Amino acid sequence: MPKSSANEPTALEAFDPQTYMDTVAPMIVGAPHPAYREGVLANLATAHAMAKVVFAVELDADSCDFAGVFMPMAADPLKSRDT
Amino acid sequence: MSDSDGDTSGLDIASAVAAKQLSAQEAVATCLDRIEALNPRVNAFTAVHKDRALARAQAVDQQVQSGQQLPLAGVPFAVKNLFDIEDQTTLAGSKINQQNAVAAADALMIQRIEAAGGVLVGALNMGEFAYDFTGENQHYGDCRNPWNLAHMTGGSSSGSGAALASGMVPLTLGSDTNGSIRVPSALCGTYGLKPTYGRLPRTGSYPFCDSLDHVGPMARSVAELAAAYNVMQGFDATDHVCVSRQPDLVDVQSIDGKTLRIGVLQGYFAPQEFDEATQVVADCAKALEAMGVAVDDCELDLAEAGRSAAFLITNIEGASLHYEKILQRADDFDPDTRDRFIAGSLLPAAWYARAQRVRRQYAEEAAELFRRFDVLLAPATPIRAPLRGQKTMLMGGSEVNVRANLGYFTQPISCIGLPVVCAPVMQSQFGTPQTAQAVSVSAATPSMGVQIIAAPWREDLCFKVASLLADASITRSEVAPVSTQD
């Protein structure tokens, strides 16, 4: 992992769906059939766009817990409302 | 009681059966006739269980004769085909599942509705493995919007919306991971409830994405929706996310609507290009304000991040569930779901972990907003029902995928498990479409939807606001006049 440089794109910005698919897929699901490639690439591109939004969120310092199974917040607005 | 138009409410059927003015067998026979007449056009049902339904109806009649009180006596209902039906194979919209063993028992939600007097009549079409917002299915044929058969129903609970809108049944069950109850509710013009995550047990339903999956009822009125929801509640330890709570039975009369504070979601939920969708919400807000309810604008700053987190979590958890099938039987998937599951299999763990952390922070933001508001309003879909086969729609000046973006407004809400009643608003209520896009792709179906959203466990508030809007005729559901002829 190189030292970071402010002038270089982040790894997330540098993510290239085609390069990623051709590198990773053979080790996970096998190289996609040619008929699948276009659809898989389109979905990787969409996922990348979503990941950029997610990583742009500045997390609170105390939100480091990993929410593996989501549980709803048990707020009851009629009992806890501000006056 | 005649129901040749299919518009008799389930509660009217239950009242008539309880009063012995109508037998459950007559109600079910009428329903089965209507399904036989209309389903070839609409393609909402993938299986009709006539013998089972008639036997069950006979049992209900005997229960009524013996003096049992059944809130849904003789009410025919049908379920998305991801709910287990005893001795039937649970398809979940797929070809692959055809080879699975038959279910040993009914899904718990079917058991509970039948215990209340309901009569299961069949299984409903859906998008493959519930990964769908369109209602299109390569294996079982597209489900068609009863308002215009050339248009999408929305999905993935496509048959659940279409069976209601065509008057084939008065009650259906669906599932909602990112909007799969709400999108077809909006596009078919029906009511749908996505309850709080963890409220209704998913026992005996085929999963898609464990940390986002919900099950819920759909109906043509608020009262029917509430009646179904009331009998569906109750803890079940078999579903590991089901929360142990006593049923919170809906009683809208006990809530004073004038004490409610309504927030109209802006920002992410009010893009100018979808002015028809935002107008629907504005009209609902205006009507509530006229009733003396406090209404104000508000925002969820992390909504877009929540939507993005939900997309990644769904893609990765869904792909994990189907990983072996992708390796062994990729060609047996619908290409649209296959390519998404392959992509999801490849995504970095860091993206998933980050998405879950963002989700937690977003839930905290929403909890804070519910200190100021009791109920939030948002559109259900960006546009009315697209044409079947339509692959793209305009968003932000770009052509984007319809399948992924019909859930643009629903996905951020289910991401954090909030309860939502999706209520239909018909064309006459929101006037002529204003945008060229809306005219070109959506004018041929009449309905859109409003999401009525509350804090976790406050489904009652969603129902209260839905009742206020229905009583004022701002929202309503109608049976579409489906022709049995070409």
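The values are calculated or read from the model by the stated rules, or taken from the named source; none is laboratory data. Treat the numbers as computed from the prediction; the structure is a model and nothing was measured. Quick reminder, even Gly has a Cβ in these numbers, built from the backbone with ideal geometry, and neighbours come from all protein chains shown. With ligands, DNA and RNA removed, areas are computed over all heavy atoms of the protein, side chains included. Shrake-Rupley method; radii C 1.70, N 1.55, O 1.52, S 1.80 Å.
The residues listed here are B:Glu317, B:Glu324; of these, the one that is more than 8 Å from every other protein chain (Cβ to nearest Cβ), in contact with a Ser or Thr (Cβ under 7 Å, 6 or more places away or on another chain) and either touching a residue at least 12 places away in the same chain (Cβ under 8 Å) or farther than 20 Å from B:Asn401 by Cβ (or both) is B:Glu317. Being hydroxyl-bearing (Ser, Thr, Tyr) and touching a Leu at 6+ places or on another chain (Cβ under 8 Å) is the filter here; which residues of segment B:160-207 pass it? Of everything in segment B:160-207, those that are hydroxyl-bearing (Ser, Thr, Tyr) and touching a Leu at 6+ places or on another chain (Cβ under 8 Å) turn out to be B:Ser160, B:Ser166, B:Thr172, B:Ser175, B:Thr177, B:Thr190, B:Tyr191, B:Thr196, B:Tyr197, B:Thr203, B:Ser205, B:Tyr206.
When residues in segment B:291-322 are screened for being in a helix (DSSP H, G or I) and open to solvent by less than 10 Å² (accessible area, probe 1.4 Å), 12 of them pass.
Against the test of being at negative phi, free of Cβ contacts under 8 Å to residues at least 40 places away in the same chain and acidic (Asp, Glu), the options B:Asp87, B:Asp106, B:Asp51, B:Asp61 yield a single qualifying residue, B:Asp51. All of B:Thr432, B:Thr445 fail the test of being modelled with pLDDT under 90 and open to solvent by less than 20 Å² (accessible area, probe 1.4 Å), apart from B:Thr445. Taking segment B:58-80 as the range and being part of a helix (DSSP H, G or I) and open to solvent by 50 Å² or more (accessible area, probe 1.4 Å) as the test, the residues that pass are B:Gln58, B:Gln62, B:Gln65. Residues that are within 7 Å of chain A (Cβ to nearest Cβ) and open to solvent by less than 10 Å² (accessible area, probe 1.4 Å) within segment B:353-365 comprise B:Ala355, B:Gln356, B:Val358, B:Arg359, B:Ala363, listed in sequence order.
Can you pull out every residue in segment B:339-352 that is at the interface with chain A (Cβ under 7 Å from one of its Cβ atoms) and either surrounded by fewer than 19 Cβ atoms within 10 Å (Cβ to Cβ) or of a type outside the set (Val, Ile, Thr) (or both)? Correct list: B:Asp339, B:Arg340, B:Ala343, B:Ser345, B:Leu346, B:Leu347, B:Trp351. Screening B:Leu377 against (1) touching a residue at least 60 places away in the same chain (Cβ under 8 Å); (2) within 24 Å of B:Gln98 (Cα to Cα) leaves a single unmet condition, (2).
Would you confirm, using the coordinates I've provided, whether B:Asp7 is in contact (Cβ under 8 Å) with a residue 12 or more places away in the chain and either open to solvent by less than 20 Å² (accessible area, probe 1.4 Å) or farther than 24 Å from B:Gly135 by Cβ (or both)? First the steps, then the outcome.
Details: in contact (Cβ under 8 Å) with a residue 12 or more places away in the chain: yes; either open to solvent by less than 20 Å² (accessible area, probe 1.4 Å) or farther than 24 Å from B:Gly135 by Cβ (or both): no.
So B:Asp7 does not fit the description; no.
If the condition is being of a type in the set (Asp, Glu) and either closer than 17 Å to B:Pro217 by Cβ or open to solvent by 10 Å² or more (accessible area, probe 1.4 Å) (or both), then segment B:125-151 contributes B:Glu136, B:Asp142. Under the condition of being closer than 21 Å to B:Ala165 by Cα and among the polar types (S, T, N, Q), the residues counted in segment B:191-232 number 1.
Residues in segment B:192-245 that are within 14 Å of chain A (Cβ to nearest Cβ) and either open to solvent by 20 Å² or more (accessible area, probe 1.4 Å) or in a loop (DSSP other than H, G, I, E, B) (or both): 20 in all.
May I ask you to say which residue of B:Gly154, B:Gly159 is in a helix (DSSP H, G or I), surrounded by 24 or more Cβ atoms within 10 Å (Cβ to Cβ) and not aromatic (Phe, Trp, Tyr)?
B:Gly159
Can you tell me how many residues in segment A:14-47 are in a loop (DSSP other than H, G, I, E, B) and not β-branched (Val, Ile, Thr)?
We begin by selecting, within segment A:14-47, every residue in a loop (DSSP other than H, G, I, E, B); these are A:15-16, A:29-33.
Still in the running and not β-branched (Val, Ile, Thr): A:15-16, A:30-33.
Summing the residues that are in a loop (DSSP other than H, G, I, E, B) and not β-branched (Val, Ile, Thr) in segment A:14-47 gives 6.
Condition check: free of Cβ contacts under 8 Å to residues at least 60 places away in the same chain, closer than 20 Å to B:Phe311 by Cα and either facing chain B (nearest Cβ under 8 Å) or touching a Lys or Arg at 6+ places or on another chain (Cβ under 7 Å) (or both). Does A:Phe55 satisfy that? If you could, list the steps in order and put the result at the bottom.
Values: free of Cβ contacts under 8 Å to residues at least 60 places away in the same chain: yes; closer than 20 Å to B:Phe311 by Cα: yes; either facing chain B (nearest Cβ under 8 Å) or touching a Lys or Arg at 6+ places or on another chain (Cβ under 7 Å) (or both): yes.
Spelling it out, A:Phe55 is indeed free of Cβ contacts under 8 Å to residues at least 60 places away in the same chain, closer than 20 Å to B:Phe311 by Cα and either facing chain B (nearest Cβ under 8 Å) or touching a Lys or Arg at 6+ places or on another chain (Cβ under 7 Å) (or both).
Taking B:Thr172 as the residue in question, decide whether it is over 19 Å from B:Ala78 (Cβ atoms) and either touching a Lys or Arg at 6+ places or on another chain (Cβ under 7 Å) or hydroxyl-bearing (Ser, Thr, Tyr) (or both). It is false that B:Thr172 is over 19 Å from B:Ala78 (Cβ atoms) and either touching a Lys or Arg at 6+ places or on another chain (Cβ under 7 Å) or hydroxyl-bearing (Ser, Thr, Tyr) (or both). Restricting to segment B:240-270, name every residue that is under 21 Å from B:Ile413 (Cα atoms) and touching a Gly at 6+ places or on another chain (Cβ under 8 Å). Hits for segment B:240-270 are B:Val241, B:Cys242, B:Val243. Evaluate segment B:385-393: report whether one residue or more is open to solvent by less than 10 Å² (accessible area, probe 1.4 Å), within 29 Å of B:Val295 (Cβ to Cβ) and modelled with pLDDT of 95 or more. Checked against the condition, which is being open to solvent by less than 10 Å² (accessible area, probe 1.4 Å), within 29 Å of B:Val295 (Cβ to Cβ) and modelled with pLDDT of 95 or more, segment B:385-393 yields at least one hit.
Would you be able to say whether some residue in segment B:247-269 is in contact with a Pro (Cβ under 8 Å, 6 or more places away or on another chain) and either open to solvent by 10 Å² or more (accessible area, probe 1.4 Å) or part of a loop (DSSP other than H, G, I, E, B) (or both)? Break it down stepwise before answering.
Initial filter on segment B:247-269 (in contact with a Pro (Cβ under 8 Å, 6 or more places away or on another chain)): B:268-269.
Now drop any that are not either open to solvent by 10 Å² or more (accessible area, probe 1.4 Å) or part of a loop (DSSP other than H, G, I, E, B) (or both), which leaves B:268.
Checking segment B:247-269: at least one residue is in contact with a Pro (Cβ under 8 Å, 6 or more places away or on another chain) and either open to solvent by 10 Å² or more (accessible area, probe 1.4 Å) or part of a loop (DSSP other than H, G, I, E, B) (or both).
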